[in-house]
Structure formats: structure tokens, C-alpha cells
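The structure appears below as C-alpha cells.
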């Protein structure tokens, strides 16, 4: 005959085992969620634009609008031989005049992709555009921002 005390002891033992399993499962879920969050945070999506420049090329349709402190990684490459392009930031008037108000990067010809790391707030209120520095034929480029 099983006593009530023995039944209660068995129930607590089973409950203790279930609690250990629940703690282990919860801990594993938290670790997995943390890993996914960290990997996702480090993998920001990049935007790439390729095009052809006559004399100038406007990259942004409106001025950059940044309210948070952030770092932008910009890569820029001329993909046509014999021409050099400049990546610039400035006002619409600077773009229209063909003036590079804030030089961000220069191209070095095909195969040379240059990286610029910039505080996003420094571009606030400015447009991004490309100007021809050397050459006369239409020139292809590749631009990536992350």
C-alpha cells in the first residue's frame, strides 16, 4: 500500500525533473534568440546602384535625412577605362553647377573599388551625386551604401 507521503514525494520528484527540463529549454531558446539577434544586427542590407555618367549623375532623389548617429559604409568604383569620377555630397545648386561641395570618394579606374566610412549625420540635408573628373565618353560606375 502506497502512503500519501510517498505519492507526494514522487510527484515532487517528477515536478523537479520537469522544472529542470523547462529551465534547460528556456535557456537554450534564449541563447538561440540572442545569436539570431546578433547575427541579424551585423548583417545590414546594402543598396547598390550602377549607372552611366555623362557629366554628372544624381544618386539621391531627395536630401539625406538622418536623425540617428550611424556609420555609413560607401564603396565606389568606375567600371569604364580612361575616365575618373568623383562621389560628392552637396546641395542641388552644387550638383547643378557641377561643383563637388563635399568630396566623399574618387574613382581610380576599373578594378579599383574604394571604401568611404562616414558619419551619416555629416550628410544630413545633402544630396549624393557623381561628377566626371577626367575623360569625355559616357562612364559606367558601381556604388554601394550600407
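Structural remarks
- Expressed per residue, the C-alpha convex hull volume of the stretch 47-145 stands at 81 Å³.
- Relative exposure of 94, 119, 83, judged by other C-beta atoms within 10 Å (fewest first): 119, 94, 83
Every read-out reported here was derived from the displayed coordinates using simple, explicitly stated rules and does not represent laboratory data. Remember, it's a predicted structure, so these values are computed and weren't measured experimentally. We place every Cβ from the backbone using ideal geometry, glycine too, and count neighbours over all the protein chains shown.
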